[in-house]
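Remarks on the structure that follows.
What follows is calculated from the coordinates using simple rules that are stated; it is not laboratory data. Here the structure is a predicted model, which is why all the values come from computation and not from measurement. In this analysis, Cβ positions are derived from the backbone assuming ideal geometry, glycine residues included, and neighbour counts consider all displayed protein chains.
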Amino acid sequence: MIGLKIGMDIGTGNVTAAIDGKGVVLCEPAVLALERETGEVIDAGKKAFEMTGRCPDAIKLTRPLLSGGIAELENSEKLIRTFLERICKNKIFKPVVAATMPAGITNLEKRNILDCILKAGAGKAVLIEEPLAAALGIGINPEMPYGTMIVNIGAGTTGVAVVTMGSIAVAKSATVGGDDMDRIIKTYLKNNRGIEVGRLTAEELKQLIGGAKVREETIAAVAKGKDTADGMPLFFEVTAQEINFAIRDCVDEICKAITDVLEVTPPELVKDITDSGIFLCGGMSKLYGIDKYIEEVTGIRVKIPGNESHVSALGCLRALNEENYLKQNGYHFVTLEILE
């Protein structure tokens, strides 16, 4: 008997999973809370993320996934096992998992991801390049002889790829994403305003008033931080213009990755992209004005699908349900026995 089919997007910031009939059933931060001495799992996902900056010494928080890959093998296994148990609950048969992998990773990196998923409880697994999974999730047929550009802006990396005829024609990964913006906002406030804030506050400011483009109206947000001079808590106001200024280099680095790929893409595929537009997905595609800014830089229309944070997981699920696609494009399921 076949277990539950699960499409899974493994990202630095979040793990997203989709199943037949229900669509996306899990979208949780890729954060694990562990008992420091024993390594026992206390919680994972949103509840663990909410402990950021608030943990006692007895609890260790870790983000074991890095750039869509595995930074800490054992803890990544614990994280994915916790999520699979939440999805499968008391199912008898082990699930079948199709998961994303960054384009261009090594065989060892692929093996580590598969090893993690299978040891976490999957019966068999297959990896699909994230840009192809995103294309499937958007509803594009990547097997057509037509070029499509996918830009996935995540927490840890930005992946840019041109897909055509079931494969990736050109790809580039830039080590810039939402986490970098959070760190830069923290540094900006400390160096320029003498205010120390936590990572969660920096992320909230980015989401509330941050942007790739300056808004027509002047807006600001009030947040709580700590005065670096005397260590006392304080409320402060910060404007959208300040946040935009702080993260501008990150936004420009994302745009450079896109233009770098366009420069080496064959002319006929560039023509296709110009006709169909650039598809923008990932959590940071929600950043205010990022689509319009990319349009200004490239001269190409940018489209953001309605489920931009979920397209890769949905694409993996679609691939599971279209096994001919997997076979025709050289994808093979792996079990723990085969891997070992």
Post the alpha-carbon centroid distance, the range 241-282 to the range 179-228, in whole angstrom.
24 Å
Name the long-range amide H neighbours of LYS303: under 5 Å, sequence gap of 5 or more, or other chain; modelled H, no Pro or chain starts.
ILE278, PHE279, LEU280
Relative contact order computed over the range 216-340 (Cα-Cα under 8 Å; 6+ residues apart), in percent
15 percent
Assuming R0 = 25 Å, what is the FRET efficiency of MET165 and ARG215, from their Cβ-Cβ distance, to the nearest 0.05?
0.05
The chain: relative contact order in percent, alpha carbon pairs under 8 Å with at least 6 residues between:
20 percent
Under a 10 Å cutoff between Cα atoms, tell me which one of ILE92, ILE140, ILE42 has the largest fluctuation in the Gaussian network model of the chain.
ILE92
Cα-based radius of gyration of the chain once divided by 2.2 N^0.38 Å, which approximates compact folds
1.03
For the range 310-324, in order, what is each residue's ³J(HN,Hα) by Karplus, 6.51 cos²θ - 1.76 cosθ + 1.60 with θ = phi - 60°, in whole Hz (x at glycine and Pro)?
10, 4, 5, 5, 5, x, 4, 5, 4, 4, 4, 7, 10, 4, 4
Yeah, the range 214-340 with a ≥ b ≥ c from its alpha-carbon gyration tensor (a/c under 1.5 is rounded, else prolate when a/b outruns b/c, oblate otherwise) is oblate
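Using r as the Cβ-Cβ distance of LYS226 and LYS89, and R0 as 30 Å, what FRET efficiency do you calculate, to the nearest 0.05?
The formula returns an efficiency of 0.10 here.
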Between LYS47 and ASN141, what's the calculated FRET efficiency when r is the beta-carbon distance and R0 is 35 Å? Round to 0.05.
0.35
Rounded if a/c under 1.5, otherwise prolate or oblate - the range 70-141, Cα gyration tensor axes:
oblate
